[in-house]
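Derivation of every value follows stated rules applied to the coordinates shown; laboratory data play no part. None of the values given here were measured: they were computed from a predicted structure. In this analysis, Cβ positions are derived from the backbone assuming ideal geometry, glycine residues included, and neighbour counts consider all displayed protein chains.
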Amino acid sequence: MNIERLPKIELHCHLDGCVRVETMYELLKEQGDIENIELEDFRNLASIMGECNSLIEYLERFKYPGKVMQTKENLERITYEVLEDMHRENVVYAELRFAPYLHMEKGLSFDEIMESVIKGMERARESFDIIGNLILIAMRHEDEENSINVAKQGEKYLGKGVVGFDIAGNEADFPPKIHEKAFRFAKEAGYKITIHAGETGVVSNIYDAIELGADRIGHGIAAIKDKLLMEKLADEKIALEMCPISNMQTKSVENMKDYPIKTFLDKDIEVTINTDNRTVSNTSLTKEIEFCMKEFDLNETDILKVLENSANASFANEDDKNKIKNIIRNI
């Protein structure tokens, strides 16, 4: 099985974690934010190139993309390039997630941000025939009113590039249930729901996410601690968006030999494999799948099942979902 040529589906990918290093370097130099540093040295600042010692070290990499994702031109370009990079490894469908409020530092409005990202996504589809959609993120440490506003302002883009709603950030201190009103609004408005939960070992957050109407769970590693929860995920077909290399780097599990992806698959949980942050983690879907086959003994049958899970769990509209399902069936 040639993994690079294999048609693939990406369901958990943060736009700001995927900015090309070369693009970041170019734009930061134009803005005067970096001086006297060579590209290869900057690459070590923007990406985890070897061992990562902590979540803090991992998150330091995000200070660079935030500086260049503050103009309409840059947002459109970055979105286009992320999808172009995915196309190069035969990703046929991708859901990019981002927090619009993080891109207002230079005065952009919510609508300007949305229109720029959607324009980049539409251009990529025209150029590469890669289907893209957006998931809007609210930050869990912000007031619930902010989360509700993200969902309200994004509502008019549903069916026009936006498909989902999520929260991200400090999971340990800010459980999903404190944003209950935002999720209730989003669900009623027609968003599909995915919630970062169980990434840092908190089982109750996964239960809360399910109660809040989650169609998918971001990461969900902690489910391994609870047999009944695993049964619930399997029975209700709530897919897990697993991101193995990112989870390894952020020390989401103490020992990667305990990473539960194979167990979840064997228990008929709808596991999907994703990159989380392509640039920050110095990864790709090809690398992620090869890593899982090597480290967790996933075989070709497992990988084909993962791809089938990803197609079924996607938030694509019916026509696009049928298209990607047909691609996967014909592998």
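Rounded to the nearest 500, what is the chain's calculated 222 nm mean residue ellipticity when only DSSP H runs of at least 4 contribute -39500 (n - 2.57) each, over all residues?
Value at 222 nm, helices only: -14000 deg cm²/dmol.
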About the Cα centre, charge dipole magnitude for the range 8-326 (Lys/Arg +1, Asp/Glu -1 at Cβ), debye: 460 debye
Mean separation of Cα contacts under 8 Å (6+ apart) over length of the range 213-328, as relative contact order %: 23 percent
Backbone HN-Hα couplings from phi across the range 95-111 [Karplus 6.51/-1.76/1.60, Hz, Gly and Pro as x]: 10, 9, 10, 7, 9, x, 5, 7, 10, 10, 5, 10, x, 5, 7, 4, 5
Length-normalised contact order for the chain - Cα pairs under 8 Å, 6+ apart - percent: 20 percent
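Starting from the Cα gyration tensor of the chain, take the square roots of the eigenvalues, sort them a ≥ b ≥ c, and report rounded, prolate or oblate (rounded when a/c is under 1.5, otherwise prolate if a/b is larger than b/c, else oblate).
Rounded, since a/c falls under 1.5.
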Burial ranking of peptide ranges 57-65, 94-102, 29-37 (average Cβ count within 10 Å, highest at the top): 94-102, 57-65, 29-37
Spacing of the two label points (7 Å from each Cα toward its C-beta) at residue 330 and residue 33, in nm: 4.2 nm
Karplus-derived 3J(HN,Hα), 6.51/-1.76/1.60, for each residue of the range 317-331, Hz, glycine and proline x: 5, 4, 5, 5, 5, 4, 4, 6, 4, 5, 4, 5, 4, 8, 5
DSSP bridge pairs, the chain: antiparallel proportion in percent, nearest 5: 0 percent
Additional length obtainable on full extension of the chain from residue 225 to residue 255, 0.36 nm per residue less Cα span: 9.3 nm
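At 0.36 nm per residue, and after removing the present C-alpha to C-alpha distance, how many nm does the segment from residue 44 to residue 268 gain when stretched out fully? Walk me through the numbers on the way to the answer.
Numbers: separation 224, 0.36 × 224 = 80.64 nm, distance 3.88 nm.
Between residue 44 and residue 268, full extension yields 76.8 nm more.
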Karplus (6.51, -1.76, 1.60) ³J(HN,Hα), θ = phi - 60°, over the range 45-52, in Hz, Gly and Pro reported as x: 7, 8, 10, 7, 8, x, 6, 10
